[in-house]
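The values are calculated or read from the model by the stated rules, or taken from the named source; none is laboratory data. It should be emphasised that the depicted structure is a prediction, and the values quoted were computed from it without experimental measurement. Cβ coordinates were reconstructed from backbone atoms using ideal geometry, including for glycine residues, and neighbour counts include every protein chain displayed. Surface accessibility is based on the protein's heavy atoms, side chains included, excluding ligands, DNA and RNA. Shrake-Rupley method; radii C 1.70, N 1.55, O 1.52, S 1.80 Å.
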Amino acid sequence: MDRAEFIHLVRLSEHDSADDPRAYRRSVARFAALGYAWVVGCLLLAVALLAWLAAQWLEGARFHGYWVLLGLFAAGLLWSSLRALRVPMEPPAGLPLARTDAPTLFDALERIRRKIKGPAIDHVLLTDDFNAAIVQLPRFGLLGGSTNYLALGLPLMMAVDRRRLLAVLAHEYGHLRGGHGRFSAWVYRSRMAWGRLWQDMQQRADIVSALSRSFFAWYFPRFHARSFAMARQDEYEADRIARKLLGADAISAALMEIEIKGAWLARSFWTTHWRQARDTAVPRGPYSAMARALALEPDAAFAHDSLRAALRRMSGDDDTHPVLRDRLEALQPDVTRFSPPLWSARPALRLLKDPVRWTQHFDTAWRRDHAGAWKLQHAWFSRLRERVAALTESLGRNNAQEMVELADLARRLDPQAPARAWYERALALSPDLPAALRGLADCTPPARRAERLELLQRLFDANAAYRWWASREAVALLEQPMDDEAALRRWRERLRAAEVAEERAQAELRDQPALGGLMRPDLSDFERGELQAELRLWPAVATAWVASKPLKEFPWRRCYLLVVESPRLPPADLLELCGALEAALPLPGPVLAVSTAHGVHLAHPPSALERVK
């Protein structure tokens, strides 16, 4: 199934759900039953074939050679069907919590369970995620009962107060409520099981598995699309239950506070924490510092910007969860403008009997698990420091590009480095150098609004490849405060046009043949070393090649193709690996990561490809 057909089926499921919810749920139930019917039908067919062969043998019928093939086929079909009924699923990771570890938490969970008449939580796990989730796993296979796990993140308990955390837990428990909840949970478990079974069958090459693989290749994407609307509506229903139990203010404030503090953790805390590797090769545990930081109020400007960005997001077809705005509007339909909430005064860590003990445990585990990566980060900072020292020593001889490199690297070492003077020196050498204009604009605080806007205008005029970034920054600057509507309207129009150009560039990068139009990579020795150091952190990548991939849309933009070889990963995991590499690699431009398992054959690698691992 291609993406267009998937989106079409998702839209149909949304319309059917809106027109007649009961009929829609019945149709989902029928389609879900089709998967079980296939597995059970294969099982019955295998048993019938083996029984027939046994009867023929017992009756002394004349032996035929095809009986051997038929017996092997039936035995394989029986084994495959039994495996499908007993799909292996790993329980969520985490530290088991007993009632004696958190009696207040367990009492609160029991009160929520009684109010919504839900099943008991079998296992409560404490994790290091900024999240909370209830996971149902089959207990005896597809046709058996389920085991309920609550995975509760220690960082989340640091970020919100008791009432807001309970609102989140009420939302999660709401997925298990009453008849509709049991039905939705069954569909969710089925979706997990069919997806896991499909992946499992893709790794097996026997003829019997090929039959079921063909069926599930057709069935699973359609089942996922047909049940999409129900999964999304279930999120709204879980929010309504949280609102009924704790109030709309509690769940709405929890959603906004989690969004803002989650953004702060991703953009600020972890960057600052890993920057400590600059000074020491011994890793430092993050969670004690995280508890102190999350207890403080976020910066007001950061909170407004993060919430505004979250409220702009639109619900997509790749996640059944509604976006923040849709959830808030459903919870508080009378509210037309959302602002950051009052911050939690006392973190929900008090629900744990001994929070210091658990914080120290996660700190110790983090130091152990990240010791290797921390040493590599320390080595990276050392290389960065050496390069900055070399560029500083040759300051009087540096060209404009080298001045920009010095400024960029110095800011990566220390965000407070005096990089502004180096960007200005680069512009004195080359007045319209886009990288210098961008760096200088980025160094100019929003308080110096006119100066920053002037730099963004110069950058917009200097190079089409930078217009999207310049327009986005100008729009964000003019929206706070919104006192120049003409300029804001002009920059918004530019942003829309730049977004269209960026979409064309992305389509060009991804849609043309992967190995077409390649050139030798235009990486400096330092950039090449950075790429090789980063790839060493990815053990799943056995071999990697890189090349430059010029775009017609933006001929001046540095773009790259990365080809990876990962023989031990299944195809579905390879796609996820390539996406993660595209987001993480320290290349000086967009990168398209592809795998040799997805039709990129390198029996005779093009000369433009350079091996980097």
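Some notes on this structure:
- Under the criterion of Cα pairs below 8 Å and six or more residues apart, the relative contact order for the stretch 1-139 equals 20 percent.
- Eligible aspartates and glutamates near LYS375 by straight Cα distance, threshold 20 Å, same-chain separation 8 or greater: ASP279, ASP363, GLU386, ASP414, GLU527, GLU530, GLU534
- The chain - mean residue ellipticity at 222 nm from DSSP helices (-39,500 (n - 2.57) per run, n ≥ 4, rounded to 500): -20000 deg cm²/dmol
- Given in Å, the Rg to one decimal and the Dmax to the nearest whole number for the Cα atoms of the stretch 38-138 are 24.5, 73.
- The chain - share of DSSP beta bridges that are antiparallel (%, nearest 5): 65
- Cross-link pairs beyond the 32 Å C-alpha cut-off, checked among LYS115/LYS261; LYS261/LYS552; LYS244/LYS353; LYS261/LYS613: LYS261/LYS552; LYS261/LYS613
- Averaged per residue, the chain has 50 square angstrom of accessible surface, using a 1.4 angstrom probe with ligands and nucleic acids left out.
- Trypsin sites (Lys or Arg not before Pro) lying in DSSP loop within the stretch 446-550, provided at most 14 other Cβ fall within 10 Å: ARG448, ARG536
- Loop trypsin sites (Lys or Arg not before Pro), the stretch 17-106 (other Cβ atoms within 10 Å of the site Cβ: 11 or fewer; DSSP): ARG62
- Computed in the context of the full set of protein chains, the accessible area of the stretch 1-92 at 1.4 Å probe radius has 66% of its extent on carbon or sulfur.
- From the coordinates of this entry, semi-axes √(5λ) of the Cα gyration tensor in Å is computed, and it appears in (i) 47, 34, 25; (ii) 89, 35, 17; (iii) 52, 30, 23 under the label (i).
- Kirkwood Rh (inverse of mean 1/r, distinct Cα pairs), the stretch 520-598, angstrom: 13.0
- Exposed loop positions in the chain were taken to be chymotrypsin sites (Phe, Trp or Tyr not before Pro) whose DSSP state is not H, G, I, E or B and which have at most 13 other beta-carbon atoms within 10 angstrom. Between these positions, the longest stretch is 141-555.
- Here LYS117 is the anchor, and the aspartates and glutamates within straight C-alpha reach of less than 19 Å, apart from those fewer than 8 places off in the same chain, are ASP107, GLU172, ASP234, GLU235, GLU237, ASP239.
- Positive-end extreme of charge dipole, the stretch 376-523 - chosen from VAL475, ALA487, PRO446 (charges on Cβ): PRO446
- Cα centroid separation, the stretch 434-460 to the stretch 1-59 (Å): 58
- Alpha-carbon centroid distance for the pair the stretch 304-376 / the stretch 99-169, whole angstrom: 17
- Of the trypsin sites (Lys or Arg not before Pro) in the stretch 238-313, those whose Cβ has at most 15 other Cβ within 10 Å and which sit in DSSP loop: ARG313
- Within the chain: Cβ-based charge dipole about Cα centre, in debye rounded to nearest 20 (Lys, Arg +1; Asp, Glu -1): 1360
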